[in-house]
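> Attaching a single structure in structure tokens format; questions to follow.
The values are calculated or read from the model by the stated rules, or taken from the named source; none is laboratory data. Remember, predicted model here, so these are calculated numbers, not experimental data. With ideal geometry, Cβ positions are generated from the backbone for all residues, glycine too; neighbour counts draw on all protein chains shown. Please note that ligands, DNA and RNA were not included when accessible areas were found on the heavy atoms of the full protein model with its side chains. Shrake-Rupley method; radii C 1.70, N 1.55, O 1.52, S 1.80 Å.
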Amino acid sequence: MEYRKDIDGLRAVAVLPVILFHAGISLFSGGFLGVDIFFVISGYLISGIILNDLEKGNFTIGNFYERRIRRIIPALFTVLIFSSILAYFILLPGEMRKFSQSLFSTIFFASNIFFWLDSNYFDAGSELKPLLHTWSLSVEEQFYIFFPLLMILIWKLPSRSQEMIIFLLLLLSLTITSIPEFVNSSTKFYWLPFRAWELLIGVAAMYISKKSLTQNSFINNLASIIGFFAILFPMIFYDSETPTPSLSTLIPCLGCFLLLVCGNETTFIGKILSTNLLVFIGLLSYSAYLWHQPLFVFGRILNISELSLYQYAFLIFLTFVLAFLSYKFIETPIRNRKKLSFKPILISSSALAIILATFGLRGHFTEGYMERFSEDELANYLIFENEIDACVGNKQKEMWCLVEDSRFLILGDSHADALSRGFTEDDAVSKIILYGCPPILNIVKKNDNFGADCNDDIDYAFEYLASNDQIEYVILHSRWPLFVEQKRFDNREGGVEYGDSIVISFDNKLNQNFMDSFKSSLFETVEKISSLGRKIIIVYPVPEVGWHVPTVVTRNKLLNRSTDNLSTSYDVFLDRASKSYEILDSIKKDDVIRIYPEKIFCNSFMENRCVAYIDDNLFYGDDDHLSVLGARILSEQIKNEIVYNPEND
């Protein structure tokens, strides 16, 4: 197949936005689409190789996979070895165990399935997963298990029939991807059936290119300009909220299609893409893609805070230095079939695969090479694992605890669960935890990533209240700002919480706005509890941290960095919690007891700061949930308020 410089330039256009997107450059908020462009290019080039060999009558599965191994494995394994060494010396056990699992799955080109399975409510974001980017390699290689066999089966058919089969498969994949209710967004993102259409667009482009439909320079120029901007504009104007893959991503994929079919080196865009700099970057694109993610992740982990623009600039520079070295000394020599036979490549690749897979398996079974650390070094890190939920009642559901003759019922989300651990057995506390839900009525819609139906659990809570007269107090607690702001926390000091937001809405019979609906639903909840003769305690927001506190404290100690305290801005807390306070303050009942965690953790130890850790006192078990120590301090405040509240005289 004839070499086209402009395709290497197109690879540069694909890889640069991906790297800049992962560096947080806002101009390329849709830079992740570079991966979609890579899929189209890959489908085009690989189908071209297969078709050329079939035309010559010398295509074999063995030769095909030899090419894939020479192209993919050496640079990939180099990055995996580098990442494994760094991970062993930098990552803490939980992180190392996840890394080990992802390493093992990457060896067998199944990391897309691993990361799909690993996505959940408490999952760290992509910013902290060194091998997350390998999901796209897995999708490609899974495609190339089936695609050569398909080409062999249809090769004897007329060209028109071949094209029709490719088109029907493309249409089928695109159709199931476009049906919103078919599967959830995570499945669509990671699984081959919902990505195959992007690769098949590249295959279709190759079939059409072979026909040489037009030599008209005006049409080719116009089509390539349209194609280029169909790629560029989405990379600038799309963002992480854009469904991917979807009909929205069809636009840049069709743009790539036009460039592949019409944008040869004689067109205006083709000449730009064929410039030496873009071609050079394109040649390095595979290695650059491999290197950038682990460099960024380990940089973030070592820095703790979000990396600065200058730090990202250095890591991008380092990415391309390593990419150049990989390309020159690993990719290029190994791909040269005249200078290096396949047998030593196959033997060495197999040996390295066994070594890396064994390393990954051992990391899984040793809980992330736990033996690297002493118990004292991990005391803070393992605080959640060592804090047992000492429920002495009926655990009707996970995170529930219904205690006979209980005096308190804690009702809320996982923050309420964390608070419950601060009470003792003698306090006789029951809890009904609404996973991913605030403790209020009338929630009718949640995004599908978290928890069960909110109303089912709160309805049961009222049934339980009605049949258990001994309960005197209902404690309402939640991570209020998460539901009110409907976005994760950023402490504006580099501590950014990763993960999906929880989006809720209400049964809005009065056509109220979100804030008024929240207030009305809370008021209705409080009134319903009061009508059952129970007293109400509202616990206001616990200050969020933005950093995983045990991890930061432990890593700081291991790296001999300052560990005196870890705190966040009180002003940031006030800004984040202001709407939540407005909602909770809207309850005007005099008999409601109000508890303010900020009075414990903010301005008490340090002026204008909310403290998460100080003087070996760890108040948080992660980036927003209280540890047992923090919960115990808060629970004592609750019990003191009950004792001294005039309403209880």
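> Suppose the filter is of a type in the set (D, E, K, R) and either without any contact (Cβ under 8 Å) to a residue 24 or more places away in the chain or in contact with an Asp or Glu (Cβ under 7 Å, 6 or more places away or on another chain) (or both); does D616 pass it? Reasoning before the result, please.
Details: of a type in the set (D, E, K, R): yes; either without any contact (Cβ under 8 Å) to a residue 24 or more places away in the chain or in contact with an Asp or Glu (Cβ under 7 Å, 6 or more places away or on another chain) (or both): yes.
It is true that D616 is of a type in the set (D, E, K, R) and either without any contact (Cβ under 8 Å) to a residue 24 or more places away in the chain or in contact with an Asp or Glu (Cβ under 7 Å, 6 or more places away or on another chain) (or both).
> If the requirement is being open to solvent by 30 Å² or more (accessible area, probe 1.4 Å) and at pLDDT 95 or above, which of these qualifies: I231, I251, I201, I219?
Details: I231 fails: open to solvent by 30 Å² or more (accessible area, probe 1.4 Å); I201 fails: open to solvent by 30 Å² or more (accessible area, probe 1.4 Å); I219 fails: at pLDDT 95 or above.
Every option except I251 fails the conditions.
> Additional query: Check region 68-84 and report whether any residue there is touching a Gly at 6+ places or on another chain (Cβ under 9 Å) and assigned to a helix (DSSP H, G or I). Step through it out loud before you land on a result.
Taking region 68-84 as the starting set, the residues that turn out to be touching a Gly at 6+ places or on another chain (Cβ under 9 Å) are 84.
Checking the rest, the ones that are also assigned to a helix (DSSP H, G or I) come to 84.
The answer is yes; a qualifying residue exists.
> F89: of a type in the set (A, V, I, L, M, F, W, C), at positive phi and either over 19 Å from the mean Cα position of the chain (by Cα) or open to solvent by 10 Å² or more (accessible area, probe 1.4 Å) (or both), yes or no?
Details: of a type in the set (A, V, I, L, M, F, W, C): yes; at positive phi: no; either over 19 Å from the mean Cα position of the chain (by Cα) or open to solvent by 10 Å² or more (accessible area, probe 1.4 Å) (or both): yes.
In short, no.
> Mind telling me which of the residues F489, F462, F506 ends up being under 25 Å from L574 (Cα atoms) and not small (G, A, S)?
Working: F462 fails: under 25 Å from L574 (Cα atoms); F506 fails: under 25 Å from L574 (Cα atoms).
Within the list F489, F462, F506, the selection yields F489.
> Answer yes if at least one residue in region 513-532 is open to solvent by 60 Å² or more (accessible area, probe 1.4 Å), closer than 15 Å to V444 by Cα and not charged (D, E, K, R), and no otherwise.
yes
> Please indicate, with yes or no, whether at least one residue in region 366-377 is in contact with a helix residue (DSSP H, G or I) (Cβ under 7 Å, 6 or more places away or on another chain) and at pLDDT below 85.
yes
> Collect the residues in region 366-380 that are outside any loop (DSSP other than H, G, I, E, B) and either farther than 15 Å from E95 by Cα or touching a residue at least 60 places away in the same chain (Cβ under 8 Å) (or both), keeping them in residue-number order. Lay out the reasoning, then the answer.
The first filter runs over region 366-380 and keeps only residues outside any loop (DSSP other than H, G, I, E, B), leaving 370-372.
M370, R372 - these are the residues of region 366-380 that are outside any loop (DSSP other than H, G, I, E, B) and either farther than 15 Å from E95 by Cα or touching a residue at least 60 places away in the same chain (Cβ under 8 Å) (or both).
> Tell me whether region 381-389 contains one or more residues that are of a type in the set (F, W, Y), at pLDDT below 85 and either farther than 30 Å from P93 by Cα or in a helix (DSSP H, G or I) (or both).
Residues of region 381-389 of a type in the set (F, W, Y): 381, 384.
Applying the additional criterion that residues be at pLDDT below 85 yields 381, 384.
Those left that are additionally either farther than 30 Å from P93 by Cα or in a helix (DSSP H, G or I) (or both): 384.
Yes, the conditions are met somewhere in region 381-389.
> What's the total number of residues in region 46-63 that are surrounded by fewer than 19 Cβ atoms within 10 Å (Cβ to Cβ) and assigned to a helix (DSSP H, G or I)?
The number of residues fulfilling the criteria is 9.
> While we're on this one: If you scan region 551-591, which residues turn out to be among the small types (G, A, S) and assigned to a loop (DSSP other than H, G, I, E, B)? Outline the logic, then answer.
Here is the first cut: in region 551-591, the residues among the small types (G, A, S) are 562, 567, 569, 577-578, 580, 586.
Within region 551-591, S562, S586 qualify.
> Then there is this: If a residue must be farther than 25 Å from K639 by Cα and either open to solvent by less than 10 Å² (accessible area, probe 1.4 Å) or at pLDDT 90 or above (or both), how many such residues does region 457-485 contain? Show your work before the answer.
Within region 457-485, the subset farther than 25 Å from K639 by Cα is 457, 459-460, 463, 482-485.
Remaining after also requiring either open to solvent by less than 10 Å² (accessible area, probe 1.4 Å) or at pLDDT 90 or above (or both): 463, 482-485.
Number of matching residues: 5.
A quick yes/no check of all residues on (1) in a helix (DSSP H, G or I); (2) open to solvent by less than 10 Å² (accessible area, probe 1.4 Å); (3) closer than 27 Å to S119 by Cβ; (4) not charged (D, E, K, R):
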{"residue": "L171", "(1), (2), (3), (4)": "yes, no, no, yes"}
{"residue": "I176", "(1), (2), (3), (4)": "yes, no, yes, yes"}
{"residue": "P180", "(1), (2), (3), (4)": "no, no, yes, yes"}
{"residue": "T187", "(1), (2), (3), (4)": "yes, no, yes, yes"}
{"residue": "A205", "(1), (2), (3), (4)": "yes, yes, no, yes"}
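> Tally up the residues in region 207-237 that are closer than 20 Å to L45 by Cβ, free of Cβ contacts under 8 Å to residues at least 12 places away in the same chain and assigned to a helix (DSSP H, G or I), please.
Going through region 207-237 one residue at a time, the tally reaches 1.
> From L128, L157, which residue is open to solvent by 10 Å² or more (accessible area, probe 1.4 Å) and in contact with an Asp or Glu (Cβ under 9 Å, 6 or more places away or on another chain)? Break it down stepwise before answering.
Working: L157 fails: in contact with an Asp or Glu (Cβ under 9 Å, 6 or more places away or on another chain).
Unique residue meeting the criteria: L128.
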